[in-house]
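Asker: Input: one structure, supplied below.
The values are calculated or read from the model by the stated rules, or taken from the named source; none is laboratory data. Predicted, not measured: the structure shown is a model, and the values here were computed from it. Ideal geometry is used to build each Cβ from the backbone, glycine not excepted, and the neighbour counts take in all protein chains shown.
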Amino acid sequence: MNAMAAAIVLPGAGMVVLVYVFGGVSLPAAAGLFSGATTNTPSLAASGQTLRQIPGLTEEMLELPDSAYAVSYPFGILGTILTMLAIRGFFRVNVETEKHALREHHESQKRDIQTLVLRVTNPNLVDIPIAEIPALKEAEAVVSRLSRDGITSVARPELRLALGDDLLVVAPPAGLEKLRLVIGEPSAVDLRTTTGNVDTRRVLVTCRGALGKTADELDLVRRFGVNLTRISRGDQQFTPTAALRLQSRFSPMEMVCVGCCGVRRSRSYPC
């Protein structure tokens, strides 16, 4: 996009120089022509301020940029519109078809993050830490809660599994199917409503210390007993994979934390 903007502005500036040098147009008028042709009002103010610092220019000459701007501005607008129409005609662009293709592209980019409670029935997973569940990373999944003997707690990565454990898994649909084949069949227990010292919060990332970091680098589980289950960015949702870094714009994050008082506020906490 920067290259496209430069491809518009730089040839325009070169054309203004040619008009000034070979066309007999005064410098103040050339500055106004450039601002109007590129529909760049701030550059008009900047050129006017610069010209006032040049000695010997009369008030009449200082008014030339405004007059030249008024003349060239309509052609800057009209030229842009005619160029768009010419491109659409030359390449035979169908606007409705392009709108439909763009809508389909946006739909294909959306990630449908879902939750599923799986009961551990695979004996090979007994005494295996949650972080070492096979296909967990490949499925881009997060195990947010664990229920054992009717008690629900945050699923810490070091917790070892036992037969009959219920795990609340957050992942894209394809990832949930992979983990179902590894862990076991879906459970009828809803871990989001069972008793336990667990709460869910949505948090806005505002601390600069969290920007550009991944969930692993924030290490929220060890520091605060918090599992980061998903990140919302625009109209899309992601599970916090190792490659996903928090961006500079505010990103709502849904977290699962131990109790209302289990999360301490600090300068390094993205609250």
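Asker: Give all pairs with beta carbons closer than 7 Å in which a residue from region 43-64 that is touching a residue at least 12 places away in the same chain (Cβ under 8 Å) meets a residue that is loosely packed, with under 14 Cβ neighbours inside 10 Å and in a loop (DSSP other than H, G, I, E, B); count only pairs at least 6 apart in sequence or on separate chains.
Answerer: Between residues of region 43-64 that are touching a residue at least 12 places away in the same chain (Cβ under 8 Å) and residues that are loosely packed, with under 14 Cβ neighbours inside 10 Å and in a loop (DSSP other than H, G, I, E, B), the close pairs are 62/52.
Asker: Which numbered condition in (1) in a strand (DSSP E or B); (2) in contact with a Lys or Arg (Cβ under 6 Å, 6 or more places away or on another chain); (3) small (Gly, Ala, Ser) is the only one that residue 153 fails?
Answerer: Just one mismatch for residue 153, condition (2).
Asker: Is it true that some residue in region 129-139 is under 26 Å from the mean Cα position of the chain (by Cα) and farther than 20 Å from residue 222 by Cα?
Answerer: Yes, there is a match, as at least one residue in region 129-139 is under 26 Å from the mean Cα position of the chain (by Cα) and farther than 20 Å from residue 222 by Cα.
Asker: Now a separate question. Just one of 94, 122 is modelled with pLDDT of 90 or more, within 16 Å of residue 178 (Cβ to Cβ) and not hydrophobic (A, V, I, L, M, F, W, C); which is it?
Answerer: 122
Asker: It is to be established whether one or more residues within region 23-31 are exposed (fewer than 14 other Cβ atoms within 10 Å of the Cβ) and assigned to a helix (DSSP H, G or I).
Answerer: Looking through region 23-31, none of the residues is exposed (fewer than 14 other Cβ atoms within 10 Å of the Cβ) and assigned to a helix (DSSP H, G or I).
Asker: Same structure again: How many residues does region 46-80 hold that are among the hydrophobic types (A, V, I, L, M, F, W, C) and either in contact with a Leu (Cβ under 8 Å, 6 or more places away or on another chain) or farther than 20 Å from residue 15 by Cα (or both)?
Answerer: Adding up the residues that qualify gives 7.
Asker: Could you please find all residues in region 127-166 being of a type outside the set (Gly, Ala, Ser), closer than 15 Å to residue 192 by Cβ and touching a Gly at 6+ places or on another chain (Cβ under 9 Å)?
Answerer: Within region 127-166, 145, 151, 152, 154 qualify.
Asker: Looking only at residues in region 32-59 that are assigned to a helix (DSSP H, G or I), among the polar types (S, T, N, Q) and buried (at least 16 other Cβ atoms within 10 Å of the Cβ), which one is modelled with the highest pLDDT?
Answerer: 35
Asker: OK, next. Do any residues in region 128-145 that are assigned to a helix (DSSP H, G or I) have Cβ atoms under 6 Å from those of residues that are hydrophobic (A, V, I, L, M, F, W, C) and buried (at least 16 other Cβ atoms within 10 Å of the Cβ), where the two are at least six apart or on different chains, and which pairs are they?
Answerer: So the pair list comes out as 130/143; 130/155; 130/159.
Asker: Quick check on region 97-106. Is at least one of its residues loosely packed, with under 10 Cβ neighbours inside 10 Å, among the β-branched types (Val, Ile, Thr) and either touching a residue at least 60 places away in the same chain (Cβ under 8 Å) or assigned to a helix (DSSP H, G or I) (or both)?
Answerer: Among the residues of region 97-106, at least one is loosely packed, with under 10 Cβ neighbours inside 10 Å, among the β-branched types (Val, Ile, Thr) and either touching a residue at least 60 places away in the same chain (Cβ under 8 Å) or assigned to a helix (DSSP H, G or I) (or both), which makes the answer yes.
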